[in-house]
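**Q** I have a structure I would like to understand better, so I am pasting it below and will then ask my questions one at a time.
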Amino acid sequence: EAGVAQSPRYKIIEKRQSVAFWCNPISGHATLYWYQQILGQGPKLLIQFQNNGVVDDSQLPKDRFSAERLKGVDSTLKIQPAKLEDSAVYLCASSLQRGLHEQYFGPGTRLTVT
Amino acid sequence: AQSVTQLDSHVSVSEGTPVLLRCNYSSSYSPSLFWYVQHPNKGLQLLLKYTSAATLVKGINGFEAEFKKSETSFHLTKPSAHMSDAAEYFCVVSVYSGGYNKLIFGAGTRLAVHP
């Protein structure tokens, strides 16, 4: 079974530029999550989708971050404009359904904002 | 509010010796708890989970954890460390709100294994 795919793996941009990350979850997984992992900290949930609807985006800085999951499969996370403090690893995860189903994580995208 | 505290940011052991990674939780009700492992340049992987069944939970790669309500702890152990166990380990609590679950991660413990 193919795992969660993310691209790019690494990205370096200057502050005030925009960037987008892509995630392809495990086939058949209805729930998709985006996490932000700052160096030295545990992952923090940014947004959770159930199919193509947003379930929880309470931790998403909506003035600069946006995410979508068209057709309930792939998802993109965008930052515009980026700030220095956005430097982090952005992790995508998926699970079969909401609830206590295991979340499967992708390898992440490491973003450096200079 | 639900939270977890990992008591050690770094743990170093010799190969073949026991591993103990400590985690305390804070919860207003019976929690669901997890341990995840993160190897360099790899995705997070679930080691084990506790969801109010047996208090001693066995996971993959010889790891286990014991839920102790009286101590509000969920420590991760392994009898004998292997070089391949070197990684970052996260204690996680699940928060249920508004009809969905959300994972709250601890800050992580980096495990080093020496020959």
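Bear in mind these aren't lab numbers, they're just calculated from the coordinates by the rules spelled out. Keep in mind it's a predicted model, so treat the numbers as computed, not measured. No Cβ is skipped: glycine too gets one built from the backbone with ideal geometry, and neighbour counts run over all protein chains shown.
**Q** What list of ³J(HN,Hα) couplings, whole Hz, do you get for the stretch A:108-114 from phi and the Karplus terms 6.51, -1.76, 1.60, once you set θ to phi - 60° and write x for glycine and proline?
**A** Once θ is set to phi - 60°, the couplings for the stretch A:108-114 become x, 10, 8, 9, 10, 10, 10 Hz.
**Q** Long-range amide H contacts for A:A5: which residues qualify at under 5 Å (H placed 1.01 Å from N, peptide plane, sequence gap of 5 or more or a different chain)?
**A** It is A:N24, by chain and number.
**Q** If you don't mind, there's one more thing I want to ask. Using a Förster distance of 25 Å, how high is the FRET efficiency between A:V54 and A:S18, based on the Cβ-Cβ distance and rounded to 0.05?
**A** The value I calculate is 0.75.
**Q** So if R0 is 25 Å, what FRET efficiency would B:A54 and B:R22 give, r being the distance between their Cβ atoms, rounded to the nearest 0.05?
**A** In this case the efficiency is close to 0.75.
**Q** Still on this structure: Assigning unit charges at the beta carbon (Lys, Arg +1; Asp, Glu -1) and nothing else, what dipole magnitude in debye, to the nearest 20, does the protein assembly as shown show about its Cα centre?
**A** For this selection, approximately 400 debye.
**Q** Still on this model: Taking Cα pairs under 8 Å and at least six residues apart, what relative contact order does chain A come out at, in percent?
**A** Across chain A, relative contact order equals 37 percent.
**Q** How do B:77-87, B:7-17 rank on mean C-beta neighbours within 10 Å, highest first?
**A** Most protected by this proxy first, the peptides run B:77-87, B:7-17.
**Q** Additional query: Mind telling me which of A:Q41, A:Q97, A:Q59 comes out most flexible in a GNM of chain A, alpha-carbon contacts under 10 Å?
**A** Maximum among the listed residues: A:Q41.
**Q** Give me the inter-chain shielding for A:102-109: mean count of other chain Cβ atoms within 10 Å, whole number please.
**A** 4
**Q** Under the Karplus relation 6.51 cos²θ - 1.76 cosθ + 1.60, θ = phi - 60°, what is the ordered set of whole-Hz ³J(HN,Hα) values for the stretch B:96-111, x standing for Gly and Pro?
**A** 9, 7, x, x, 9, 9, 10, 8, 10, 8, x, 6, x, 10, 8, 9
**Q** Using the Cα centre of the stretch B:3-114 as the reference point, and only Cβ charges (+1 on K/R, -1 on D/E), how large is the resulting charge dipole? Debye, rounded to the nearest 20.
**A** Dipole magnitude for the stretch B:3-114 comes out near 260 debye.
**Q** Given Cβ point charges of +1 (Lys, Arg) and -1 (Asp, Glu) and nothing else, what value in debye, to the nearest 20, does the dipole of the stretch A:1-92 about its Cα centre take?
**A** My answer is approximately 260 debye.
**Q** Run the simple label-point estimate for B:V95 and A:L39 please: 7 Å along Cα→C-beta, distance reported in nm.
**A** Modelled inter-label distance: 2.7 nm.
**Q** Using Cα-Cα distances under 8 Å and only pairs 6 or more residues apart, what relative contact order does the stretch A:3-45 have, in percent?
**A** Rounded, it is 33 percent for the stretch A:3-45.
**Q** If I model a spin label at B:R110 and A:T76 as a point 7 Å from the Cα along the Cα→Cβ vector, what separation in nanometres do I get?
**A** 3.5 nm
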